[in-house]
Structure formats: C-alpha cells, structure tokens
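Here is the structure we will look at.
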Amino acid sequence: MSQRSTPADVSFNLVVGAISTVAILILVAPVIIVIATSFTTSQALRFPPPGLSLRWYGELFDPVRSAPIHTAAINSVWVAGWATVIGSVLSVLAALAITRVARPSARALEASFLSPLVLPTLSYGLAALMFFSVMGIRPSLNLLIAGHLVVIAPFVFRTTLASLTQLDPALLEASANLGASRFYSFRRITLPLIAPGIAAGAFLAFIASMDNVPVSLFLSTARTSMLPIRMWGMMESTLDVRIAAIAGVLILATLVLMVVMDRLTGLTRRMSA
Amino acid sequence: MAAAIATAGAAPAGDKVDWRLATPLGLTYLVFFAAPFLILLGISFYADAEQTRLGLDSWLKFYTDRFYLKVIWDTLKLGIFAVIATTLLAYPLALVYRAASPTWQRVLLFIILMPLLTSVVIRTFAWIVILAREGVVNQTLMALGLTATPLNLLQTELGLVIALTQIEMPLMLLPLLTIMNQMDQNLVDASRALGASKWRTFFRVILPLTLPGWIAGATLVFASATTAFISQSVIGGARLVYLPSLIWQQSMVVYNWPFAAVASLTLLFTVLAGIMALSWLGRFARTT
C-alpha cells in the first residue's frame, strides 16, 4: 500500500502532524493545569504553583467553611440521579416504540426527542422559568429534576436506539417460535442485549445533568443551589482556589466512573459510534 | 404496559409506531418542553416590563436598535469562528486517529473524551489561569522575549474563541471519528494508486466522504458555542456582549421579561438558522 513519497505527501504529513500535536495540547493542557493548580500552596491561581500542598482540598472538605459548596454538590447529585433514572425509563420506552419503523411519523418523533441536543437550552431555561412562574409553581428541586430530565433524556434515547438497531431481529423471532411470550422475550433477550447501550447513555446523561448550567441558571434559587452555578458565582466574585480543588475532585470522580463504565459497557467505543 | 413492551419486543420491521410506548416521553416533552416555549412566545408580545399591555414594542425595540443587532451578529460570528477553529484542528487529528493502531486509537479517544467529561465551568476556569495577564501563555511569551508587556487575552474575542475551541472540540471530533472509521479504505487506496498526492486525495476523496460527519459536528459546535453562557460571561467579561448574557441581564437583573423573551427567541432563531444553513450545505455537497 505504501507509495513513493513526493514533496506534496511529505508536506501533507508535516502539516497533519503539527496541527494534531497542537490539537492534543489544547485538549489536554487545561485539564492538567487545573489539577496542578489545585495543589498550590499560594492564595493565587498561578501556574506553575510555587509549592505543593493539600491546603485547598482541606479547605474544600471543611464542613463549616465550605458548607454551601457541599449543599450545592448534594443537590446536584440528587437532581442528576433522579433526572437520569426517570429520563432513562421514558427514553428506553420511546426508543422501543420507534425502532425499525421507517414511517415519517417515527422520524419526526426521533427528531423531536433529540431536539434538546441542538436547540439552545439557555432559551429553554428561561422558558421553563416563565412557564413555572405563570403556573404559580414555586422553585424546588423537583422543578429542577423536570427541567434537567427534558434536556438529558436524548442521551439515553440516542444510545438505546443505536443498540436496538444493532439487535438481530432473528433472535426475537426464534424466541417467539419457541413459545416465549413477547414480554418474556423482552425481559430475557432484548433488555440484556441493549443494557450496555442504556447504561452508557445514562452515564452521559448523569454527567450532562451534573454539568448543566443553562437550566439550573434560571430554575435554581439560593435555597436550591446547584454546583456549577455556585462555582460560577465563586469565579465571578473571587478567584477562590477551592474551585481548582473542586475540579480535582470532579475530574477524579469522573475518571473512576468512566473506567468502570468502560469495563461494563465499552463506553469509549459507544461514544464514538 | 407489559403488553405494550412485549409488542415492541418482537415488532417486525416497518411496523407502526407503538404510541403506547412513545406517549410517556412525548407527554413529558409537551408539558415541560413545548409548553414553556409557547409561554415564552406569548410573553414576548407584552409591550412593557410590567406585562400589562400587549403589543409588538419589545420586538420592534430589539430589531431596530443597532446595539442589539450587533449582539446578534457577534453571537453568529462567535459560532462561526468556533466551527472554523474546531474544524482546522479536528480534521488532522481525525486523520491521525484513522491511521493509528488500535491501542493508540484508545489513547486518543481517551484524550478526546476527557475534556468532554470535565465540567464546562472547570474548563472555562482553566482558561482563566492560562490566559490571564500573569498566566501560562503570557509567561511563556515573555520568557521567549516575544513580548515585553503581558498581552490582554481575557475579555477579548480571540481569547474566547481559543477557550471555546478546546471546550467544543470533542463535539466536532466524535462524529468525525465515527465517519472516518466507516469510510471505505479502498477509495483512498484507489486515489493514491492512480497517482493523486495526499493533499489531492484528502480534498477530493476524504473530505467529501466525511462531510456528513463534519456537518453533524459543526451543528453541535455552533449550537454549543453560541449558547455558552458561562464561557462568554467569564472570559468575555462585561466588554463582550452576546445573546445569552443579554438574556440573563434582561431577565434576572433588569426584570424585563418580554424583552428577555424576545432575546431568547432570537437566540433560538439564530441557532436554527445555523443548523438549517449547515444541513443545506450538506444537501448541496452531496449533489455535486
């Protein structure tokens, strides 16, 4: 397959190699710099740090001084957890409803269920705030769950639909021919085979909810504060080094979750598929 | 419910949509997604902040004021710059990924996914540390003697585009990698065997074949960059105004909800216009 190398080919390889290196650097550098900064001894956010210590992690885990951060983190996990569970159940049912249907109605449903991925969720956040206030419903964690649910459901819907299209229909026919009821086939064949897809989607949905700014920005209040919004507040007022420590904890938690999910579901393959 | 699931479990290809299964999510979307947008549209037709009088005043004020028209244009421009920057960086990286061994592909995929799984707030925060006056970029430039005084990179469009490029690049890369993997290697080999250089093969074979993946990526990048409130407000500061910060300011600071609703719908139209332009480009590209 190898060809003779002309000057044009050499220049192509050089350009591709150089730009890729820059791209990788841009992708990785910020993550590494934040982690390094979180171990600094100084008050200021500087890289490289003058000395290394766990000082800011100590501050972050101090139950009194960092209480608002802890509350926000617990709220975020609570909302993300419920939104993911409810969103997954609804999305799996919806994906089952339209799988292998070629009709325009099925395509239209698919497009509308995926629409929060591209429609500006910031516009949606404001719309949700106006809707709930017109309805006279006071802000609460339940409202945040409803708002997040709509925005993160497409992640599970998409991965489940992808798994269902790869499912061999002959398996279900065989099961039916052997006398299995349709529900039995679903429980014993369909569900186990699409479970990794559902799990990968649920993982992405949970991460997306934990990280959601546009909806939380409008629906959360001082009483129901959410982690990204509190971090935004910390960045706007003082450049508190505890933000870097929060980043360190979140990155570690995500990495652990990601490795676990990759073992269970082949997450990295699914995300590029 | 059990019967409905069972029907879907063995549904033959080309059958009807099973509405019993689609209804729960459909209703949730109607109540919590479609209805709020209708309310938003309704509120935009109030003429005053107190919402006592109906009228087109909010729309007229927004679309006749040069300041607000410039905000729309700047928001569009930011989305376009982000798409261009991510495209220039992502295509070469996707080519490297395609040529890499399975082990290296996994490493690259991990590098690409890691920022995506790091909170947007944290990624923005990282760029403050990097772009600040005493940040990494300025320290490096000054150590190399390239500049005597630190450059102001925060609160500039350039700084914001750089940050958004990192934040959005995975969204461009993931669809691009998928389509690169599906591309028929024989076509590339044929082009090379017929004497085409790598440049020519890239522009005449690889680029057209991977265009659908690029369009999917560009759509996500455009939609995400134009609505990136945190990055825009933290890195752009008070000097740069985009639609999201305008929406925030009008709704939660000034409490002019009708005007905020107009700005919000304008953001929606801006994103939809971008998506439609991209899909039109896709159709145009496939027929030529």
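The figures follow:
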item	result
Per-residue average of Cβ from other chains inside 10 Å of A:34-43	1
Pairwise FRET efficiency - A:ASP168 versus A:ALA36, Cβ, R0 = 60 Å, nearest 0.05	0.80
Rough spin-label spacing in nm, given labels placed 7 Å along Cα→Cβ, for B:ARG200 and B:SER279	3.7 nm
Chain A - mean residue ellipticity at 222 nm from DSSP helices (-39,500 (n - 2.57) per run, n ≥ 4, rounded to 500)	-24500 deg cm²/dmol
Peptide-level mean, for A:109-121, of C-beta atoms on other protein chains within 10 Å	5
Estimated vicinal HN-Hα couplings, Hz - the range A:186-195 in sequence order (Karplus 6.51, -1.76, 1.60; Gly, Pro = x)	4, 5, 9, 10, 4, 4, x, 6, 9, 3
Karplus 3J(HN,Hα) series, Hz, for the range B:225-233 with 6.51 cos²θ - 1.76 cosθ + 1.60 (x for Gly, Pro)	5, 6, 10, 6, 4, 4, 4, 4, 7
Neighbour-limited loop hits for trypsin sites (Lys or Arg not before Pro), the range B:133-216 (at most 16 other Cβ within 10 Å; DSSP other than H, G, I, E, B)	B:ARG133
B versus A: buried accessible surface, summed, Å² (probe 1.4 Å, to nearest 100)	8900 Å²
FRET E, pair B:LEU30, A:THR6, Förster distance 51 Å, beta-carbon r, rounded to 0.05	0.25
Cβ charges +1 (Lys, Arg) and -1 (Asp, Glu), total dipole of the protein assembly as shown, debye	720 debye
CD proxy at 222 nm, helix term only [per DSSP H run n ≥ 4: -39500 (n - 2.57); per residue of chain B; nearest 500]	-23500 deg cm²/dmol
For the range B:98-172 versus the range A:95-157, the gap between their alpha-carbon centres in whole angstrom	32 Å
Alpha-carbon centroids, the range A:169-210 and the range A:240-265: separation in whole Å	29 Å
About the Cα centre, charge dipole magnitude for chain A (Lys/Arg +1, Asp/Glu -1 at Cβ), debye	420 debye
Net charge of neighbours whose Cβ lies under 15 Å from the Cβ of B:LEU131, counting Lys and Arg as +1 and Asp and Glu as -1	+2
Nearby aspartates and glutamates by direct alpha-carbon distance to B:LYS16 (threshold 16 angstrom, same-chain neighbours under 8 apart not counted)	A:GLU110
Charge dipole magnitude, Cβ of K and R +1, D and E -1 - chain B, Cα centre, debye nearest 20	680 debye
Dipole of the range A:66-272, positive direction: furthest Cα of A:ALA127, A:ALA108, A:TRP82, with charges on the beta-carbon	A:ALA108
Dipole axis of chain A (+1 Lys, Arg; -1 Asp, Glu on Cβ), positive-most option in A:THR99, A:VAL213, A:LEU25	A:THR99
A:MET135-A:GLU236 FRET efficiency (beta carbon distance; Förster radius 35 Å; 0.05 resolution)	0.70
Placed amide H near A:THR40: partners under 5 Å, 5+ positions off or other chain	A:SER53
For the range B:27-41, Karplus couplings with θ = phi - 60° (6.51, -1.76, 1.60), whole Hz, Gly/Pro x	5, 4, 5, 4, 6, 9, 10, 6, 4, x, 5, 5, 4, 4, 4
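The values are calculated or read from the model by the stated rules, or taken from the named source; none is laboratory data. Since the structure is predicted, the reported quantities are computational estimates derived from the model, not experimental observations. Positions of Cβ are generated from backbone atoms using ideal geometry, with glycine treated the same way; all protein chains shown enter the neighbour counts. Each accessible area value is taken on the protein alone, full model and side chains, heavy atoms only, with ligands, DNA and RNA left out. Shrake-Rupley method; radii C 1.70, N 1.55, O 1.52, S 1.80 Å.
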